1. Can you pull out the residues in the range 138-159 that are open to solvent by less than 20 Å² (accessible area, probe 1.4 Å) and polar (S, T, N, Q)?
2. Which number in (1) out of contact with any strand residue (DSSP E or B) (no Cβ under 6 Å at 6 or more places or on another chain); (2) among the small types (Gly, Ala, Ser); (3) touching a residue at least 24 places away in the same chain (Cβ under 8 Å); (4) surrounded by fewer than 23 Cβ atoms within 10 Å (Cβ to Cβ) marks the one condition that residue 335 misses?
3. Got a sec? Which of 451, 423 is closer than 30 Å to residue 391 by Cβ and outside any helix (DSSP H, G or I)?
4. Pull up the range 213-248, narrow it to residues that are modelled with pLDDT of 95 or more and part of a loop (DSSP other than H, G, I, E, B), then point me to the one that is surrounded by the fewest Cβ atoms within 10 Å (Cβ to Cβ).
5. Scan the range 496-530 residue by residue and report those that are surrounded by 20 or more Cβ atoms within 10 Å (Cβ to Cβ) and polar (S, T, N, Q).
6. Given (1) of a type in the set (Phe, Trp, Tyr); (2) crowded, with 16+ Cβ neighbours inside 10 Å; (3) out of contact with any Asp or Glu (no Cβ under 8 Å at 6 or more places or on another chain); (4) under 22 Å from residue 407 (Cβ atoms), where does residue 316 come up short, assuming only one miss?
7. Taking the condition among the aromatic types (Phe, Trp, Tyr), open to solvent by 10 Å² or more (accessible area, probe 1.4 Å), without any contact (Cβ under 8 Å) to a residue 12 or more places away in the chain and closer than 30 Å to residue 260 by Cβ, does residue 412 pass?
8. Within the range 236-265, how many residues are of a type in the set (Val, Ile, Thr) and either closer than 16 Å to residue 220 by Cβ or more than 9 Å from the chain's Cα centre (by Cα) (or both)?
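The values are calculated or read from the model by the stated rules, or taken from the named source; none is laboratory data. Just so it is clear, the model here is predicted, and its values are computed rather than measured. Every residue, glycine as well, gets a Cβ built from its backbone with ideal geometry; the counts of neighbours run over all protein chains shown. Accessible surface areas use protein heavy atoms only, side chains included; no ligands, DNA or RNA. Shrake-Rupley method; radii C 1.70, N 1.55, O 1.52, S 1.80 Å.
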Amino acid sequence: MVEGKIVKVSGPLVIAEGMRNANLFDVVRVGEAKLIGEIIEMHKDRASIQVYEETAGIGRGDRVVSTGAPLSVELGPGLIESIYDGIQRPLNKLFELYGPNIIKGIDQPALDRERLWHFDACRKPGDRVSGGDVYGSVAESPMVRHKIMVPPGLSGEILALEDGDYTVTDEIGRLKTDGGEILPITLMQKWPVRRARPYVKKLPPDIPMITGQRVIDTFFPIAQGGTACVPGPFGSGKTVVQHQIAKWSDVDIVVYVGCGERGNEMTDVLREFPELKDPRSGEPLMKRTVLIANTSDMPVAAREASIYTGITIAEYFRDMGYSVAVIADSSSRWAEALREMSGRLEEMPGEEGYPAYLASRLAQFYERAGRTVCLGSEGRQGAVAAIGAVSPPGGDLSEPVTQATLRIVKVFWGLDSSLAYRRHFPAINWLNSYSLYRERLDRWFSEKVSRRWSERVSEMMRILQAESELEEIVKLVGVDALSPADRLTLEIARSIREDYLGQNAFDAGDSYASLEKQAALSELILDFGEKARVAVEAGADIEALSNLPCRERIGRAKSVSESAVSEVYATIREEIDREIAALLTAKEA
C-alpha cells in the first residue's frame, strides 16, 4: 500500500507527493472521506490524481492511499437492467441505502453480493480450458443467457465445477493453471476499463445493424461492429435518434451511456424501456439494456470514466457471442471533461482549448468497436457497434470534437436544424450525411431483402438530389416555370421526404419499420413515380396527378402495421393503376 500527502487541490485535480511506488492509472482513496480517484500523471514522487467525486473539504496535508489496482469494472450476472454512474456504482442500490443524494466516498459493489443465480455447467472436472472458454451459463433475463467464461490470459485444468445456486462471489469450482496455481472459479471477473479485451481477429463489416429507421437503414446503414456519429445543434433530435436506435436496433444488448447530458433524458429511458416491447422477443427492452448515467449535475471528471466503463461492459458481452450497441450521449461532454483536466494540469492547449491528444483519445474509444472472432474454442462471433452523439456549439460542424470524430467513424448522420424546425424527424440531412459501409452492405440487402434494393436506393437519392437543384430554379422563377416532368420530380421527391424519410417516433405503426416494409414502401412510391411519368408524357395534367386520392393513401401507408403490409400495399397499387388509367381515359374523352 502506497500512502502520500496532498500538496495541491484544483477542482477535480489533486496532486499528492510521496507516491513514488504507485503506478499510472492506479485507483486511489483521497482524504478522510476516501474519495475515489485515479492517477493520470506521475512526476517522480508526485502523482496527479483525477478525482471522480466533489473535492470540497479536501486540503493540503490530507492523505492519499493507493489501492494498487487500476480502475476496473465488475463483470458478471446482474449487469442487465442495472443503472450505474460513471465509475460503476449501482445508483438504484445507492438510492435504497442512502436516498436521492450520493454521499461522498461511498464504495458499493457493482454486482449484488446477495442475489442467487442458478449456474448450469457445460464443463466437467478434468477438462482443459483456456481464455474465453465457457464454463457454463446463467439465465440473467428472458433475453440474455449470461455465459461464464475463463478470463483472458488464463488456461489450465478444471479440478471441480458444479451446478447450483450461487452468488457472484461464491466458489463454483476450482481451476489449476498451467503454472500450478489453484484458483477459485466464480461467476464474476474484473477487467481494467482502459484496456481493450482481447479477441482472435476482426471480421469485415458486411452484416448490417438494422435499426428500423428508414433514413438510416436505406440511405446510411451501419454495420454490426460499425462506428457512427450523430452531430447536430441543440433541438435537432440527437437524443431521439439515439433512443430510437437503442429501442429498435436488432442487437442483443444495448449499453446506453448518458455522458454529461441532462438527467431528464436518462429518466425518459428509465420510464420508456420497461414499457416498450422488443419487436423480436416481445419482452421489455430493459431486459437487454445496461444504463450508465453520468448526467450534467454529476462531477465532471467521472464523465471520462463513463465512456470506458460502457465500452468495457460491451466488450464483455461481445465475448459471449452477442451483438452489442454502445450509445454515448454525448462525446462533446466527455471532451469537455478532458479539456477541464487538461487545463488543470496546465498542459499546452490545442484548438479551442481542447487537449492536443483529443483525437487519439476519441480513436481509443471507437477503435474498440468491431465484429470479431472471440476468444475460446467455440469460435463464437460477437460485435460491438459504437454510436456517439456530438453536440457542437451552435451546430458548427467545423469545431474540433466533430472534426476529430468524423476522421475516425465510418457513418455520419448529420442532423439539420432547418429540418427539425419543419418538424421533419429524424432530421438527418440526406444530402450531407454518408455511410462508408453502404457499398459493402448492398450485397447483403440484395440477397436478404430485395434484388432491386440498391437500384431503388440509388433512384431515390437521384430524385432527392434533382429536387435540390430544381429548388434553386424555383426560388428564382417560381414553380410554374418548370416543365411538367420537372414538377413531377418535385412531387415524387416530396413523397420520398414526407412519406418515406419522415418517421414518427410516437406512432406505434411508424416508430419501427422492418426491412421488408421499407422495401415495399419505397417500391410503392417509385412505382407511382414511374406510372405518373408515363402519364405526363401522354399529356396528363400534373395538378390532377398530384391530387389523386392514392397519393394520400401512400402517405398513410407508412403507419400500417407490419402484419397488414402486403395486403394494404397491394390494394394501394391497384388504386394507383386504376386512378391513373381513369385520368388518362378522361383526358382522351
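1. Matches in the range 138-159: 141 only.
2. If we test residue 335 against (1) out of contact with any strand residue (DSSP E or B) (no Cβ under 6 Å at 6 or more places or on another chain); (2) among the small types (Gly, Ala, Ser); (3) touching a residue at least 24 places away in the same chain (Cβ under 8 Å); (4) surrounded by fewer than 23 Cβ atoms within 10 Å (Cβ to Cβ), just (4) comes out false.
3. Being closer than 30 Å to residue 391 by Cβ and outside any helix (DSSP H, G or I) holds for just one of 451, 423, which is 423.
4. Going through the qualifying residues, I end up with 220.
5. Listed by number, the residues that qualify are 503, 518, 522.
6. Unmet condition: (4).
7. Answer is no for this residue.
8. 6
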